[in-house]
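Remarks on the structure that follows.
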Amino acid sequence: MVEIINYIGRNVKIGKNVRIWHFVYIGDNTEIGDNVKIGSLTHIDYDVKIGSNTKIEGLVYIPPFSIIGEGVFIGPSVTLTNDPYPMSDRMVGVVVEDNVVLCAGAVIKAGVKIGRNSVVGMGAVVTKDVPPDTVVYGVPAKPIYSRSVYDEKRLKWMRGSAVDAP
């Protein structure tokens, strides 16, 4: 018999219909909204807030003091950082506003704010705030086009047309 072990800290508030997969760590004083999905091997540290209807894929790290909005998608192996000058004793979280997409392997610097409806492309390294409704990618991440252009490309892709992904 295989036992699946998750760790859920003290004073954690978990909303309704939350699905937590295997080997997940959730630190103390974290709040998770309704209808959230958390993938395997994800580490959500202490004092984190995660809004409703958010999907977090596997192998994600969310550091202390981070705030994740509602309707956010966090792809596999995304890393949010918490110390802009390692190893210091002062940490700061990342703010991800509502309806943001963080694609696989993105890395977000401590203290950065990702604006509402923005998209961070695969493997991007975000070192500065991202304005709302903006698609960024690259190392370091730079604005490429608007969220509306992204949504058009996504719709074409879903209909079977070939399009370049962010």
Criterion violated by Gly15 - all others in (1) free of Cβ contacts under 8 Å to residues at least 24 places away in the same chain; (2) surrounded by fewer than 17 Cβ atoms within 10 Å (Cβ to Cβ) satisfied: (1)
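Restricting to the stretch 113-129, what's the tally of residues that are closer than 15 Å to Ile144 by Cβ and either touching a residue at least 24 places away in the same chain (Cβ under 8 Å) or outside any loop (DSSP other than H, G, I, E, B) (or both)?
9
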Top-ranked residue of the stretch 37-47 - restricted to ones that are assigned to a loop (DSSP other than H, G, I, E, B) and touching a Gly at 6+ places or on another chain (Cβ under 7 Å), ranked as nearest to Val18 (Cα to Cα): Gly39
All conditions in (1) crowded, with 17+ Cβ neighbours inside 10 Å; (2) touching a Phe, Trp or Tyr at 6+ places or on another chain (Cβ under 9 Å) are true of Val60 except (2)
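Of the residues Val139, Val149, which single one is of a type in the set (A, V, I, L, M), over 13 Å from the mean Cα position of the chain (by Cα), over 22 Å from Met91 (Cβ atoms) and not in a helix (DSSP H, G or I)?
Working: Val149 fails: not in a helix (DSSP H, G or I).
Being of a type in the set (A, V, I, L, M), over 13 Å from the mean Cα position of the chain (by Cα), over 22 Å from Met91 (Cβ atoms) and not in a helix (DSSP H, G or I) holds for just one of Val139, Val149, which is Val139.
I need a count of the residues in the stretch 48-65 that are part of a loop (DSSP other than H, G, I, E, B), within 20 Å of Asp83 (Cα to Cα) and among the β-branched types (Val, Ile, Thr).
Of all residues in the stretch 48-65, those part of a loop (DSSP other than H, G, I, E, B) come to 48, 51-54, 57-60, 63-65.
Going one step further and asking which of them are within 20 Å of Asp83 (Cα to Cα), we end up with 48, 59-60, 63-65.
Subsequent filtering for residues that are among the β-branched types (Val, Ile, Thr) retains 48, 60.
Qualifying residue count for the region: 2.
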Given (1) polar (S, T, N, Q); (2) crowded, with 23+ Cβ neighbours inside 10 Å; (3) under 21 Å from Lys113 (Cβ atoms), where does Ser52 come up short, assuming only one miss? (2)
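Would you please name the residue that is surrounded by the most Cβ atoms within 10 Å (Cβ to Cβ), looking only at residues in the stretch 67-108 that are small (Gly, Ala, Ser) and in contact (Cβ under 8 Å) with a residue 40 or more places away in the chain?
Narrowing the stretch 67-108 to residues small (Gly, Ala, Ser): 69, 71, 75, 77, 88, 93, 104-106.
Now drop any that are not in contact (Cβ under 8 Å) with a residue 40 or more places away in the chain, which leaves 69, 75, 93, 104.
Numbers: Gly69: 20, Gly75: 20, Gly93: 23, Ala104: 15.
Top of the filtered list is Gly93.
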Residues that are within 16 Å of Thr81 (Cα to Cα) and surrounded by 23 or more Cβ atoms within 10 Å (Cβ to Cβ), drawn from the stretch 31-47: Thr42, Ile44
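Every number here is computed from the coordinates shown, using simple stated rules; none is lab data. All values derive from a computational prediction rather than experimental measurement. Cβ sites come from the backbone with ideal geometry, for glycine too, and all protein chains shown count toward neighbours.
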